[in-house]
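Single-structure report; data block below.
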Amino acid sequence: MYLITAIIRPERLDAAREALQAAGVAGLTVSEAAGFGRQRGHVQVYRGAEYAVDLLPKVRLEVLAEDTTAPGLVDVLVAAANTGHAGDGKVWLHRLDDVVRVSTGERGPGAV
Amino acid sequence: MEMTTAQVWQMVAATLVLLMTPALAFFYGGMTRAKSVLNMMMMSFISVGIIGVVWVLWGYSAASGGSSVGGLFGNPFEAFGLQGMLSGEDFDAGVLINVGYQATFAIITVALISGAIADRAKFGAWALFVPVWVSLVYCPIAYWVWGGGLLSSDGAIGSWAGAAIDFAGGTVVHINAGVAGLVLALILGKRKGFGVDPRQRPHNIPFVMLGAALLWFGWFGFNGGAAAEAGQAGLIWINTLAAPGAAMIGWLLTERIRDGHPTSFGAASGIVAGLVAITPACANVSPVGAIGLGLVAGVASALAVGLKYRWGFDDSLDVVGVHLVSGLIGTLALGFIAVPDAEGAGAGLFYGGGLAQFWAQLVAAVVAIAWTALATAVIGLIIHKTMGFRVSDKDEETGVDLTEHAETAYEFAGLGTGSRLVPHPATSSHLRQSPVPTTSTPTPGQEN
């Protein structure tokens with residue numbers, strides 16, 4: 001079992017979610033995030049004074065996957081979130097020891 | 001007694017002007033950081049409360065109603081509590097209505113100053129400054145210009161230099177507040193991180209635009225409430241539309257050329273700069289003159305707001321750059337673009353009046369600046385050296401909303417949870433049921 005975590009552009013979230021659902025994902029978690037990477041920040045101007053904003057808004061998307069489907073889902077996610085520019089984000093995989101479905105107490109791959 | 005249309009209009013106008021101070025609270029509140037927006041808004045709101053009382057007790061008497069004390073101010077005790085004004089032989093409903101109308105001007109003038117000391121003033125010090133300043137600075141200057149004192153045509157200075165034109169408050173309100181703001185900004189000193197900390201940027205531009213919109217709405221009463229007849233009222237209304245419109249365009253063009261983008265904050269600021277500039281001139285310039293005046297004021301204020309970084313004074317929300325600069329432009333411009341009245345008096349240079357009117361405008365501005373600078377410095381320094389005008393560094397860091405008012409403007413997820421509610425202790429003992437958590441939660445911002 002794997003936890004797939006993706007930090008992506010907020011505007012690519014809908015496309016990523018639709019692609020994952022089409023690939024059979026039954027549930028995922030989304031949260032707001034901010035960070036920096038190779039993409040540079042931007043400058044805001046208030047009454048002529050410039051304010052550099054270097055932590056940019058991103059979306060963190062987390063989805064659990066079984067051993068067999070995880071690599072495929074990563075490919076789906078990367079394809080959906082890609083715009084070809086710096087700032088598209090990162091996707092990583094984490095191997096998990098156990099997963100529990102809270103409502104039933106079910107454990108392991110069946111709970112994914 | 002039947003109300004005349006002029007009386008009805010002045011009551012409506014007074015109500016419009018009163019709304020300008022809560023509007024200013026939004027205009028200023030949006031410009032501060034999220035952690036000090038309530039304190040910013042409260043500095044405006046408390047001005048309404050305190051001056052509403054002061055004006056009835058002695059403010060009106062000192063600014064207008066009392067007999068002249070050397071041309072400097074009215075006798076503050078003569079109409080104390082508006083005694084003798086409510087009935088009897090001398091009763092005049094129009095004067096009573098005018099008391100209220102004038103009060104709203106005093107209120108917003110003081111509230112305007114608060115923009116210079118955002119994020120760092122003790123609320124108690126401000127609440128003391130408000131009644132003292134309005135009594136010793138606003139009331140005399142209003143008396144000099146409008147009450148028949150020093151700067152009026154019969155006054156000691158006005159009869160020498162000529163009577164300045166200030167229809168709705170270029171000197172009394174805007175130059176006055178602008179200079180007082182500069183003096184307080186210098187006394188309190190810079191915010192920590194001024195000019196360096198990128199978090200000191202406006203937290204809610206929609207508030208700023210809402211405030212600018214409501215200020216503009218109220219300003220039609222501010223400029224037009226004292227119109228003597230319908231033609232003048234119409235001219236004032238049109239000028240109060242055209243000048244801020246031109247100033248908005250001027251400010252946005254300046255930003256577009258200098259910074260690359262026209263901003264919504266710039267549009268809101270341009271409106272206010274134009275309103276300030278047209279204030280003294282609204283009844284004495286042509287609509288085309290108002291457009292030219294607005295354009296100049298919009299460009300000048302857009303450039304002037306940057307000076308605080310060059311010269312190192314933390315006039316946080318640009319009371320100087322907007323109110324002093326555009327107030328001076330409107331006041332001095334009358335020396336050039338004032339249209340002569342029916343008798344041919346009060347003409348500016350462009351209408352064949354020579355430089356006489358400009359001289360009168362300049363003298364009035366200088367006198368107002370000198371008195372407000374001196375008196376504000378004395379009042380501000382006494383407060384600062386005794387009770388202290390500025391919060392501690394730690395409170396400034398925490399945010400004055402929490403430390404001065406024990407409130408926060410916004411509850412973001414997490415910050416307002418995991419805590420405990422104790423209804424008012426004196427009335428809620430019956431609500432205290434079994435086990436109340438024994439660990440005491442320290443009051444926010446006061447843990448040491």
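The values are calculated or read from the model by the stated rules, or taken from the named source; none is laboratory data. This is a predicted model, so every value here is computed, not measured. Note: ideal-geometry Cβ built from the backbone for every residue, glycine included; neighbour counts use all protein chains shown.
Residue by residue, here is whether (1) acidic (Asp, Glu); (2) without any contact (Cβ under 8 Å) to a residue 60 or more places away in the chain holds:
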position	(1), (2)
B:Leu293	no, yes
B:Gly298	no, yes
B:Asp315	yes, no
B:Gly321	no, yes
B:Thr331	no, no
B:Gly335	no, yes
B:Val400	no, no
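Only residues that are more than 14 Å from every other protein chain (Cβ to nearest Cβ), in contact with a Leu (Cβ under 9 Å, 6 or more places away or on another chain) and loosely packed, with under 12 Cβ neighbours inside 10 Å: list them for segment A:21-33, please.
A:Gly24, A:Gly27, A:Thr29
Could you grab me the full set of residues in segment A:36-71 that are buried (at least 17 other Cβ atoms within 10 Å of the Cβ) and aromatic (Phe, Trp, Tyr)?
Selection gives A:Tyr46 alone.
Given the criteria farther than 20 Å from B:His384 by Cβ and under 21 Å from the mean Cα position of the chain (by Cα), does B:Ile175 qualify?
Working: farther than 20 Å from B:His384 by Cβ: yes; under 21 Å from the mean Cα position of the chain (by Cα): yes.
Criteria met by B:Ile175.
Restricting attention to segment B:141-153, does a residue exist that is under 30 Å from B:Arg199 (Cα atoms) and at pLDDT 95 or above?
Our first condition is that a residue be under 30 Å from B:Arg199 (Cα atoms); within segment B:141-153, this holds for none.
No, segment B:141-153 has no match at all.
Taking B:Ala246 as the residue in question, decide whether it is crowded, with 20+ Cβ neighbours inside 10 Å and more than 14 Å from every other protein chain (Cβ to nearest Cβ).
Working: crowded, with 20+ Cβ neighbours inside 10 Å: yes; more than 14 Å from every other protein chain (Cβ to nearest Cβ): yes.
Spelling it out, B:Ala246 is indeed crowded, with 20+ Cβ neighbours inside 10 Å and more than 14 Å from every other protein chain (Cβ to nearest Cβ).
Could you check how many residues of segment B:148-164 are surrounded by 24 or more Cβ atoms within 10 Å (Cβ to Cβ) and either β-branched (Val, Ile, Thr) or closer than 19 Å to B:Ala103 by Cβ (or both)?
1
Among the residues of segment B:329-347, write down those that are small (Gly, Ala, Ser) and within 22 Å of B:Ala273 (Cα to Cα).
If the condition is that a residue be small (Gly, Ala, Ser) and within 22 Å of B:Ala273 (Cα to Cα), then B:Gly330, B:Ala333, B:Gly335, B:Ala338 are the ones that fit.
Please specify each residue of segment B:249-287 satisfying the condition of being under 19 Å from B:Gly224 (Cβ atoms), more than 14 Å from chain A (Cβ to nearest Cβ) and in a helix (DSSP H, G or I). Steps first, please.
The first filter runs over segment B:249-287 and keeps only residues under 19 Å from B:Gly224 (Cβ atoms), leaving B:271-272, B:274-287.
If we keep only those that are more than 14 Å from chain A (Cβ to nearest Cβ) too, we end up with B:274-287.
Matches in segment B:249-287: B:Gly274, B:Leu275, B:Val276, B:Ala277, B:Ile278, B:Pro287.
Any idea which of (1) in contact with a Gly (Cβ under 9 Å, 6 or more places away or on another chain); (2) over 29 Å from B:Ala233 (Cα atoms) is the one B:Ser269 doesn't satisfy?
In the conditions (1) in contact with a Gly (Cβ under 9 Å, 6 or more places away or on another chain); (2) over 29 Å from B:Ala233 (Cα atoms), B:Ser269 misses (2) alone.
Out of (1) within 30 Å of A:Ala52 (Cβ to Cβ); (2) away from every other protein chain (no Cβ under 14 Å); (3) charged (D, E, K, R), the odd one out for B:Arg201 is which?
Status for B:Arg201: all satisfied but (2).
Would you mention how many residues in segment A:1-15 are surrounded by 16 or more Cβ atoms within 10 Å (Cβ to Cβ), outside any strand (DSSP E or B) and in contact with a strand residue (DSSP E or B) (Cβ under 6 Å, 6 or more places away or on another chain)?
Residues meeting the conditions: 1.
Given the options B:Asn176, B:Asn204, name the one that is at pLDDT 95 or above, surrounded by fewer than 24 Cβ atoms within 10 Å (Cβ to Cβ), of a type in the set (S, T, N, Q) and under 30 Å from B:Ala242 (Cα atoms). Steps first, please.
Working: B:Asn176 fails: surrounded by fewer than 24 Cβ atoms within 10 Å (Cβ to Cβ).
None of the other options fit; the residue is B:Asn204.
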